[in-house]
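Novice: Below are the structure tokens for one structure; questions will follow.
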Ligand code: KDG
Ligand code: MG
């Protein structure tokens with residue numbers, strides 16, 4: 001297949017280009033892989049027939065990146081070469097429907113790369129930041145939450161205080177369960193790679209952490225916690241009840257997507273605010289939780305559900321049911337993806353909070369325009385489009401490592417008896 005086939009759109013738009021303008025066409029679609037911080041990122045670059053007019057979109061699925069690259073290059077690229085980049089919704093729908101079996105994190109991430117890149121292009125064509133195209137600003141900047149962890153409660157307290165001193169008002173706190181591999185805390189180098197997990201010890205220590213933080217730091221700080229779907233559903237409900245007295249801003253991922261039937265029991269047991277959704281990939285997973293008001297915050301990973309177009313629909317759907325947004329924002333979302341989160345945050349009435357990842361200098365050099373973080377908030381730079389660029393030469397200096405399954409970062413987690421559990 002050639003890269004340059006403007007006369008060969010596989011799925012041509014059955015209408016004339018917008019507003020009598022000379023047709024702009026998509027000339028090339030590339031998946032660019034880089035890991036400036038050691039986390040594998042994928043960004044889609046869509047080039048057009050206009051000199052220097054291109055868009056970038058986040059397609060990062062750090063655990064299965066090569067599958068996403070293949071999906072972009074072998075399946076989406078031939079669908080959209082030669083098309084008018086203005087037709088975002090039609091391109092989205094035709095790509096989405098073309099595989100017959102739809103959704104899933106591989107195809108959704110591939111689609112997100114294309115979708116976000118098209119929004120970036122549309123912003124550049126309109127000479128406006130994307131938040132303007134989504135309806136305009138409803139706030140100055142996006143309030144962030146960031147992460148504090150530690151090997152014990154006093155180390156967590158020290159880290160919380162350091163973040164407060166930098167202006168953060170919302171902090172997620174995680175404490176290590178001694179001797180076990182605990183999500184959200186540094187792995188203990190003294191333990192074997194496949195460290196075991198003990199959920200009873202975890203549910204005992206977490207209330208002690210929040211008791212300590214409230215006693216030492218007081219009531220004003222907004223505190224959050226991520227269970228990361230690590231424990232049996234009934235233990236999650238009991239933990240939520242134990243944490244109720246510490247007035248969390250939210251408790252995240254108490255159940256796995258496979259266990260969404262438990263949310264009704266959670267609501268009946270406790271009024272603790274619940275955030276859910278980073279593993280969701282399709283609308284059947286979130287619909288009932290939102291319409292039955294079983295969660296308070298939706299926090300999907302925008303590229304894993306297919307991109308900005310569907311995320312905006314989801315935000316609007318949530319608004320009708322009083323559910324706020326808290327888009328997933330870890331290090332395995334590229335700076336382009338963080339910008340997409342931010343533009344939607346700015347334009348959403350029902351914005352709740354944004355998870356922060358503070359990129360270091362290397363990532364900022366690879367991605368000029370990475371949104372700034374100060375005063376506990378993330379700020380858009382007001383350039384046309386998403387406002388983030390990619391220095392391809394520099395990106396190439398950080399190629400993916402030679403390991404495939406990410407076991408260095410995500411070793412299998414097992415119970416004491418050796419049986420595997422969800423990460
Ligand atoms: O790759 C998995 C991470 O994105 C996830 O573990 C981060 O749970 C997470 C969070 O809340 O940021
Ligand atoms: Mg999480």
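The values are calculated or read from the model by the stated rules, or taken from the named source; none is laboratory data. Remember, it's a predicted structure, so these values are computed and weren't measured experimentally. For neighbour counting, all protein chains shown are included, and Cβ atoms are generated from backbone atoms with ideal geometry for every residue, glycine included.
Novice: Name every residue in region 120-136 that is farther than 19 Å from residue 348 by Cα and assigned to a loop (DSSP other than H, G, I, E, B), in order of residue number.
Specialist: Within region 120-136, 127 is the sole residue that qualifies.
Novice: Follow-up question, since we're still on this one. Which ones in region 202-215 are closer than 16 Å to residue 149 by Cβ and away from ligand 1 (no atom under 16 Å from the Cβ)? Give the derivation first.
Specialist: Let us first name the residues in region 202-215 that are closer than 16 Å to residue 149 by Cβ, namely 202, 205-206, 208-210, 212-213.
Of everything in region 202-215, those that are closer than 16 Å to residue 149 by Cβ and away from ligand 1 (no atom under 16 Å from the Cβ) turn out to be 205, 208, 209, 210, 212, 213.
Novice: If you don't mind, there's one more thing I want to ask. Tell me the residue from 346, 342 that is farther than 17 Å from residue 59 by Cα and part of a helix (DSSP H, G or I), please. If you could, list the steps in order and put the result at the bottom.
Specialist: Numbers: 342 fails: farther than 17 Å from residue 59 by Cα.
Exactly one residue qualifies, and that residue is 346.
Novice: Going through 332, 361, 382 one at a time, which residue ends up being touching a strand residue (DSSP E or B) at 6+ places or on another chain (Cβ under 8 Å) and away from ligand 2 (no atom under 16 Å from the Cβ)? Walk me through it before giving the result.
Specialist: Details: 332 fails: away from ligand 2 (no atom under 16 Å from the Cβ); 361 fails: touching a strand residue (DSSP E or B) at 6+ places or on another chain (Cβ under 8 Å).
Just one listed residue meets the conditions, 382.
Novice: Would you pick out the residues in region 335-358 that are closer than 18 Å to residue 280 by Cβ, away from ligand 2 (no atom under 16 Å from the Cβ) and within 14 Å of the chain's Cα centre (by Cα)? Break it down stepwise before answering.
Specialist: Within region 335-358, the subset closer than 18 Å to residue 280 by Cβ is 337, 340-341, 344, 348, 350, 352-355.
Remaining after also requiring away from ligand 2 (no atom under 16 Å from the Cβ): 340, 344, 348, 350.
The answer is 340, 344.
Novice: Could you give me the residue pairs with C-beta distances under 6 Å whose first residue belongs to region 320-337 and is more than 12 Å from residue 37 (Cα to Cα), whose second residue is near ligand 1 (Cβ under 7 Å from one of its atoms) and in a strand (DSSP E or B) wherever it lies, and which are 6+ apart or on separate chains?
Specialist: What qualifies is 329/355.
To keep it simple, each residue is scored yes or no on (1) more than 14 Å from ligand 1 (Cβ to nearest atom); (2) more than 24 Å from residue 253 (Cα to Cα); (3) in contact with a helix residue (DSSP H, G or I) (Cβ under 8 Å, 6 or more places away or on another chain).
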site	(1), (2), (3)
313	yes, no, no
322	yes, no, no
353	no, no, no
366	yes, yes, yes
381	yes, yes, no
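Novice: So, one more: Could you say whether any residue in region 293-306 is away from ligand 2 (no atom under 16 Å from the Cβ) and crowded, with 22+ Cβ neighbours inside 10 Å?
Specialist: So the first thing to find is which residues in region 293-306 are away from ligand 2 (no atom under 16 Å from the Cβ), and the list is 293-294, 306.
Imposing the further condition that a residue be crowded, with 22+ Cβ neighbours inside 10 Å reduces the set to 306.
Yes: region 293-306 contains one or more residues that are away from ligand 2 (no atom under 16 Å from the Cβ) and crowded, with 22+ Cβ neighbours inside 10 Å.
Novice: Could you list all residues from region 152-189 that are under 18 Å from residue 415 (Cα atoms) and either within 16 Å of ligand 1 (Cβ to nearest atom) or out of contact with any strand residue (DSSP E or B) (no Cβ under 6 Å at 6 or more places or on another chain) (or both)?
Specialist: First, pick out the residues of region 152-189 that are under 18 Å from residue 415 (Cα atoms): 176-185, 187-188.
Matches in region 152-189: 176, 177, 178, 179, 181, 182, 183, 184, 185, 187, 188.
Novice: Write out, first by first residue and then by second, each pair whose Cβ atoms fall under 6 Å of each other, whose residues are 6+ apart or on separate chains, and whose first residue, in region 224-238, is closer than 23 Å to residue 353 by Cα while the second is modelled with pLDDT of 95 or more and part of a helix (DSSP H, G or I).
Specialist: Listed by first residue and then by second, the contacts come to 227/236.
Novice: Among the numbered criteria (1) more than 14 Å from ligand 1 (Cβ to nearest atom); (2) surrounded by 17 or more Cβ atoms within 10 Å (Cβ to Cβ), which single criterion is violated by residue 227?
Specialist: (1)
Yes or no, residue by residue, for (1) buried (at least 21 other Cβ atoms within 10 Å of the Cβ); (2) closer than 25 Å to residue 72 by Cβ:
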| site | (1), (2) |
| --- | --- |
| 108 | yes, yes |
| 115 | yes, yes |
| 120 | yes, yes |
| 132 | no, no |
| 136 | no, no |
| 145 | yes, no |
| 151 | no, no |
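Novice: Sticking with this structure for a sec: Quick check on region 259-309: of everything there that is in a helix (DSSP H, G or I) and touching a residue at least 60 places away in the same chain (Cβ under 8 Å), which residue is nearest to residue 44 (Cα to Cα)?
Specialist: Restricting attention to region 259-309, the residues satisfying the condition of being in a helix (DSSP H, G or I) are 259-269, 283-291, 302-305, 308-309.
Next, from what is left, pick out any that are touching a residue at least 60 places away in the same chain (Cβ under 8 Å): 302-305, 308-309.
On the way: 302: 15, 303: 12, 304: 14, 305: 16, 308: 14, 309: 16 Å.
Looking at residues that are in a helix (DSSP H, G or I) and touching a residue at least 60 places away in the same chain (Cβ under 8 Å), I get 303.
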